[in-house]
Amino acid sequence: MQRIGFRVARRSVAPLCALVFFVLCVGASAWQEPEPLQKGFVLTLMLCVFGTLLFGLARVATALVVSGGLFALLKFMSVLKLRYLDSPLMASDFVYYLRSSLLETLRHYPHLLGLGIAVCVGVPLALWLAWRWDWRILRTRPPRLGLALRAGGAALCALAFWACLLPAGPFARVHTRNVWEKLSDDAQLTNFFVNLHDSGVQLPAQASEAQAERDWQATARGAATTRPPPYPDIVQVLEESTFDPSIFTDCSVPACRAAMFRPDERTRAHGLLRVHTFGGGTWVSEFAALTGMPQDIFGPGGMYAPYVLAPHVHDALALALQRLGYLTVAIYPTNGSFLNGRNAYHAYGFEQFYDAQQLGLEEWEESDAQMFAAAKRVYDKVKKPGQPVFVMILTLNQHGPHDIDPRNTLPPPFDRGVLRGLPARAALNFDTYLSRLRDSDRAMRMLEHDFLDRTQPTVLLHFGDHQPSFDGLIRDLPRTLPPGLGAYKHYLTYFVLKSNFAGAPLPSYPMLDIAYLPSMVLQAAGVPTDPYFSAETVLRTRCTGLYTDCANPALVQSYHAWTFGRLHVYE
């Protein structure tokens, strides 16, 4: 009798310890989410996983340890990735980040290697102990009934898990935040599971192969050069959160008319740029400006371009230039791992990548002048006689928010306010923007001096990636726009394309889609274009600078059939 009692007590220890472990895991994972709804969302997912394992394995302690441990491990990995790599954990990390970046990460953070070894040793031991002393359930006679109960219970719990992840399911409200919130707020586990659905990629609608052949066969050989080698250097600048403020009705003072937006004798093309994101999402503008594809043609997953689209790109501006003998260089203002930047730029075709740490700059705090000076130092180091260089520079001078500092901290005259007639909060945001714009304008003159005031043939492009939100206030500010562009008022920035040599005239459009910037750059440089960018140039002409808004949707579908199906620019 004592022996039986001891056996029962001993077999009770494992499930009780596992239950305590599960509760601790709930506290370390689900209960760390900032909002009650998010806590409930993650807890419900944990219970669904526990139920699936409980019925599937028919072991109580093992199901508790595995389900609790999985969520605690996800939370732990999320915290580590955010702390050391400045980006949230996503499902795509398990697809290619572990393959491409794990060794580099461990090399820079060797204590993580020790932790990983401890996990690899400790976890199997804990699972063995739980399994060895576990309670087994659903051992019925006949055995087929037990198997049916286990299969039905596991399927029901798995179905409940799936339903919780649906955007229209019982936790629909956790899906309704914007992409930047899902990538940057403290709801790390909620964001991880929500992004499982958001990161799904859908190819755009395509016409038949026969139609694509008829429409685009003339571009299959590419286009010849209009300028003999050596080809010109190309400098491309993405001005984060920058737009021409003169399009706003209340912005009529001289500070609103910065020289960097105005054409001069070296300007080849300029005007309004149609972008595909508002208030944030610089990474999708990078994707479009480098690959020639707007992210929204891929469905909701397109907003996660550096993670889910970049690895599948097989043609892009940097790749095309690299094939022409260019050295391709990226100048980045943050940690290279932020939002998978280094991996994405490598996929886009950049041979060299310099982040803030390598440049000796304080990430997130660099002025345009500092970024441009760093780019010039790198250019001087890597430039070789006879080899053209393509330099891509990303700035952060205008990164929001624009109302975090008091007005009296702004430089004159912005500390007193230069705009009149705006509400106080909107005026502070706008004056802060204009003060930073003045700095960017001065820095752009310096960049033009370094790269255009010389004999080396050079093309310079700078453009804005999206409008800042001004905490949502910018949406209601009135604009003065050309006829027909009012519907795009939240998605208009600017672009300016210059060169220090004469070239064939470039076309002008009422509004240019950001996806056409690669073909504009290649046309300005006079270099030969491959079949992909030759086709994009023709599409730009036929759709008068529009892409997803083209007046001939059938032509765009035919173009996608050609570029995706025939040229395999994305697979």
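The values are calculated or read from the model by the stated rules, or taken from the named source; none is laboratory data. Predicted model only: the values in this text are computed from it and were never measured. With ideal geometry, Cβ positions are generated from the backbone for all residues, glycine too; neighbour counts draw on all protein chains shown.
Can we say Phe261 is within 20 Å of Asp513 (Cβ to Cβ), of a type in the set (Phe, Trp, Tyr) and surrounded by 19 or more Cβ atoms within 10 Å (Cβ to Cβ)?
Against the criterion (within 20 Å of Asp513 (Cβ to Cβ), of a type in the set (Phe, Trp, Tyr) and surrounded by 19 or more Cβ atoms within 10 Å (Cβ to Cβ)), Phe261 qualifies.
Being under 18 Å from Thr563 (Cα atoms) and either surrounded by fewer than 24 Cβ atoms within 10 Å (Cβ to Cβ) or without any contact (Cβ under 8 Å) to a residue 60 or more places away in the chain (or both) is the filter here, so list the residues in region 533-544 that pass it.
Ser534, Thr537, Val538, Leu539, Arg540, Thr541, Arg542, Cys543
With Val496, Val538 as the choices, which residue is in the same structural domain as Gly349 (by TED's automatic domain parsing), at pLDDT 95 or above and among the β-branched types (Val, Ile, Thr)?
The match here is Val496.
Starting from residues that are in contact (Cβ under 8 Å) with a residue 24 or more places away in the chain and assigned to a loop (DSSP other than H, G, I, E, B), keep the ones in region 484-504 and report whichever is nearest to Phe451 (Cα to Cα).
Of everything passing the filter in region 484-504, Asn500 is nearest to Phe451 (Cα to Cα).
Looking only at region 228-255, count how many residues are among the β-branched types (Val, Ile, Thr) and closer than 30 Å to Tyr379 by Cβ.
So the answer is 4.
Given the criterion surrounded by fewer than 16 Cβ atoms within 10 Å (Cβ to Cβ), at pLDDT 80 or above and of a type outside the set (S, T, N, Q), identify the matching residue among Leu73, Leu103.
Leu73
So is Tyr516 aromatic (Phe, Trp, Tyr), within 15 Å of Ala316 (Cα to Cα) and outside the structural domain of Arg262 (by TED's automatic domain parsing) or not?
Here the answer is no, as Tyr516 does not meet what is asked.
With the condition kept exactly as written, say whether any residue in region 386-403 is at pLDDT 90 or above and charged (D, E, K, R).
Within region 386-403, none of the residues are at pLDDT 90 or above and charged (D, E, K, R).
Please enumerate the residues belonging to region 558-568 that are over 15 Å from Gly292 (Cβ atoms) and crowded, with 19+ Cβ neighbours inside 10 Å.
Scanning region 558-568 gives Ser558, Ala561.
For Leu473, work out the one condition from (1) under 27 Å from the mean Cα position of the chain (by Cα); (2) closer than 25 Å to Cys543 by Cα; (3) at pLDDT below 95 it doesn't fulfil.
(2)
Criterion first (touching a Ser or Thr at 6+ places or on another chain (Cβ under 7 Å), touching a residue at least 60 places away in the same chain (Cβ under 8 Å), of a type in the set (S, T, N, Q) and more than 27 Å from Tyr491 (Cβ to Cβ)) does Ser285 satisfy it?
Against the criterion (touching a Ser or Thr at 6+ places or on another chain (Cβ under 7 Å), touching a residue at least 60 places away in the same chain (Cβ under 8 Å), of a type in the set (S, T, N, Q) and more than 27 Å from Tyr491 (Cβ to Cβ)), Ser285 does not qualify.
Among the numbered criteria (1) under 28 Å from Phe372 (Cα atoms); (2) in contact (Cβ under 8 Å) with a residue 24 or more places away in the chain, which single criterion is violated by Leu481?
Every condition holds for Leu481 apart from (1).
Go through region 296-351 and give me each residue that's of a type in the set (Gly, Ala, Ser), within 22 Å of Lys384 (Cα to Cα) and in a helix (DSSP H, G or I).
Listed by number, the residues that qualify are Ala318, Ala320.
What residue, among those in region 207-225 that are outside any loop (DSSP other than H, G, I, E, B) and of a type in the set (Gly, Ala, Ser), is surrounded by the most Cβ atoms within 10 Å (Cβ to Cβ)?
Within region 207-225, the match that is surrounded by the most Cβ atoms within 10 Å (Cβ to Cβ) is Ala212.
Would you mind stating whether Pro204 is outside any helix (DSSP H, G or I), modelled with pLDDT of 90 or more and either surrounded by 15 or more Cβ atoms within 10 Å (Cβ to Cβ) or out of contact with any strand residue (DSSP E or B) (no Cβ under 8 Å at 6 or more places or on another chain) (or both)?
Yes.
Out of the residues in region 25-81 meeting the condition of being among the hydroxyl-bearing types (Ser, Thr, Tyr) and assigned to a helix (DSSP H, G or I), tell me which one is farthest from the chain's Cα centre (by Cα).
Thr62
When only residues in region 235-287 that are assigned to a strand (DSSP E or B), on the phi < 0 side of the Ramachandran plot and not hydrophobic (A, V, I, L, M, F, W, C) count, which is nearest to the chain's Cα centre (by Cα)?
Glu239
So, in region 158-179, of the ones that are within 17 Å of the chain's Cα centre (by Cα) and surrounded by fewer than 16 Cβ atoms within 10 Å (Cβ to Cβ), which residue ends up modelled with the lowest pLDDT?
Step by step, filter region 158-179, then rank; the result is Asn178.
So that you can scan it fast, the table gives a plain yes or no per residue for (1) among the small types (Gly, Ala, Ser); (2) outside the structural domain of Ala258 (by TED's automatic domain parsing); (3) within 17 Å of Asp471 (Cα to Cα):
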{"site": "Leu410", "(1), (2), (3)": "no, no, no"}
{"site": "Pro413", "(1), (2), (3)": "no, no, no"}
{"site": "Arg416", "(1), (2), (3)": "no, no, no"}
{"site": "Leu419", "(1), (2), (3)": "no, no, no"}
{"site": "Phe430", "(1), (2), (3)": "no, no, yes"}
{"site": "Ser435", "(1), (2), (3)": "yes, no, no"}
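Which of the residues spanning region 352-368 are surrounded by fewer than 18 Cβ atoms within 10 Å (Cβ to Cβ) and assigned to a helix (DSSP H, G or I)?
Gln357, Gln358
Take Asp380 and decide whether it is without any contact (Cβ under 8 Å) to a residue 24 or more places away in the chain, of a type outside the set (Phe, Trp, Tyr) and either over 26 Å from Ala288 (Cα atoms) or part of a strand (DSSP E or B) (or both).
yes
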